[in-house]
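These notes concern the structure reproduced below.
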Amino acid sequence: MSDCNNYNLVPGRRDFLSKTAYGLGAVSLASFLNPASVFSGTANETGHGMLGSTHFPAKAKRVIYLFQSGAPSQLDLFDNKPLLNEMNGEELPESIRQGQRLTGMTAGQRSFPLAGSQFSFKQWGETGSWMSELLPHHSKIADELCFIKSMYTEAINHDPAATFIQTGSQFPGRPAIGSWIDYGLGSDNENLPSFIVLVTKGKGGQPLYSRLWGSGFLPSQHQGVQFRAGKDAVLYLTNPPGVDANARGRQMDYLKKLQEEQFEKFHDPEIEARIAQYEMAFRMQTSVPEITDTSDEPDYIYDLYGPDSRIPGTYAANCLLARRLAENGVKFIQLYHRGWDHHSNLPNDIKIQCKETDQASVALLIDLKQRGLLEDTLLIWGGEFGRTNYSQGKLTTDNYGRDHHPRCFSIWMAGAGVNKGYTHGSTDDFGYNIIQDPVHIHDFQATLMHLLGIDHERFTYKFQGRRYRLTDVHGKVVKDILA
């Protein structure tokens, strides 16, 4: 039955109770918990989220997550394994594999020849962090980075793995990390969304679905907002021809009144969420064009990020835009860069990926640091799982591919609250199994929340009779990486 028909119904016993006894009880309880937000699961008027304040002092005020979709090969970038070069072409020992699960793409292979990296490794910085020749710019900031080389996941295919690391579950429908943070901590800028998504334009690779930045069962106003390259950064944000700002403002006022009347009748939290989204969209008509126009950036900034930074929608341009968003109070900025799924032709294709991302990733860190933002910004770089130490398909003298490998992979973090120049965890000499300090996806998420001042076990949302959290039913803070 439609909402319009519901208006004509005579209130029944359940309606009476919900609007009197139960309703008054809800008002009373809400006045203690969060006076500014009684019936809804929305942020209050001051911009604070439902937590009101952090559980403990936060080291990070914001997060920039550089997600490398497709899973970069840790064995060709960060995890140096000379033994693979020494045993290049020899069979992966069964004592190392131990019958572990394979994808359908290599399960039928009769041979699993070890593939040493074709790229040389060197230690950089005072702390001697290992990095491949593919990342010359990364070598300049080695002492700023905190590597985790013992990440692991249960997911072995891209979609569930990306969904897992972004939402805490392999199954679609849970809120993204940015949505949890927006819901809990609110916004520092009422004119911009607290959770913004940037996707490199024109890159092929694994599909990226909007549910990766969706709000799941949280109020819809907490979903990520995708900024696109081009004239209209946010779809349907500009006024149609013949409608000016004043007319749109009057329309918004009337619309808000109608929605408020509907809320008074039904007390549906999504109605308030809808009002908040309309109002945000109206304010964004001015703020979005201003912040996405980077023409006022000096030449030395473009030179820092590289020539691609002048081309809207590139990874470099998005990194530059991420810094501008961070400056303007956006709490969670998510970048997606596809193209890392190298099942074949890895030596050539990974060069392209590194050329597109190496300089800009480092430039973002340097830019944040020179503006005093790195000390309270958490910067993250990594994919959804790792790559195998054996070749998928035929191994030749100058070519190989690597299949999915959930057992171990590498990411790096930098900035607020993490140890500089530190490497956490290690894998065996074959780069196949973790032998020290494993870090599960939920451990990573718990640590991220901790740096924002949130206790991941206490931050929950009740849905369909159960209390959910980002880390689901386990996960611990990785204290060794904390500064």
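Odds and ends about this structure:
- Every residue from the range 264-308 that is within 17 Å of A322 (Cβ to Cβ) and among the aromatic types (F, W, Y): Y302, Y305
- For L66, the requirement of being touching a Leu at 6+ places or on another chain (Cβ under 9 Å), surrounded by 16 or more Cβ atoms within 10 Å (Cβ to Cβ), closer than 20 Å to G383 by Cβ and not β-branched (V, I, T) is met.
- Whichever residue in the range 309-345 is of a type in the set (S, T, N, Q) and assigned to a helix (DSSP H, G or I) and, among such residues, is surrounded by the most Cβ atoms within 10 Å (Cβ to Cβ): N318
- Residue tally, condition in contact (Cβ under 8 Å) with a residue 24 or more places away in the chain, more than 19 Å from S73 (Cα to Cα), of a type outside the set (D, E, K, R) and not in a helix (DSSP H, G or I), over the range 346-386: 4
- Output for the range 228-270, where each listed residue is out of contact with any Gly (no Cβ under 8 Å at 6 or more places or on another chain) and among the basic types (K, R): K231, R248, R250, K256, K257, K265
- Only strands (runs of 3 or more DSSP E) whose full extent lies in the range 423-481 are considered here, and the ones with at least 1 residues that are more than 19 Å from Q170 (Cα to Cα) and not acidic (D, E) are 434-436, 461-463.
- Among the criteria (1) in contact (Cβ under 8 Å) with a residue 12 or more places away in the chain; (2) under 26 Å from A142 (Cα atoms); (3) surrounded by fewer than 22 Cβ atoms within 10 Å (Cβ to Cβ), the one N389 does not fulfil is (3).
- Residue pairs whose Cβ atoms lie under 9 Å apart, sitting 6 or more positions apart in sequence or on different chains, and linking a residue in the range 412-434 that is over 29 Å from P113 (Cα atoms) and at pLDDT 95 or above to a partner that is polar (S, T, N, Q) and surrounded by 19 or more Cβ atoms within 10 Å (Cβ to Cβ), are M413/T447; A414/T377; G415/T377; A416/T377; V418/T447; G421/S129; Y422/S129.
- Among the residues making up the range 69-105, those that are assigned to a loop (DSSP other than H, G, I, E, B), hydroxyl-bearing (S, T, Y) and either buried (at least 19 other Cβ atoms within 10 Å of the Cβ) or more than 32 Å from the chain's Cα centre (by Cα) (or both) are S69, S73.
- Answer from A245, A273 - the residue that is out of contact with any Phe, Trp or Tyr (no Cβ under 7 Å at 6 or more places or on another chain) and loosely packed, with under 15 Cβ neighbours inside 10 Å: A245
- Of all residues in the range 417-440, those satisfying the criterion of being touching a Leu at 6+ places or on another chain (Cβ under 6 Å) and on the phi > 0 side of the Ramachandran plot are G417, G431.
- Selection of the range 438-468 for residues being among the aliphatic types (A, V, I, L, M) and either more than 13 Å from M151 (Cα to Cα) or touching a Cys at 6+ places or on another chain (Cβ under 9 Å) (or both) yields A446, L448, M449, L451, L452, I454.
- Enumeration of residues in the range 142-159 that are aliphatic (A, V, I, L, M), surrounded by fewer than 23 Cβ atoms within 10 Å (Cβ to Cβ) and touching a Gly at 6+ places or on another chain (Cβ under 8 Å): A142
The values are calculated or read from the model by the stated rules, or taken from the named source; none is laboratory data. Computed from a predicted model, the values in this text were never measured in an experiment. So basically every Cβ, Gly included, is an ideal-geometry build from the backbone, and we count neighbours across all protein chains shown.
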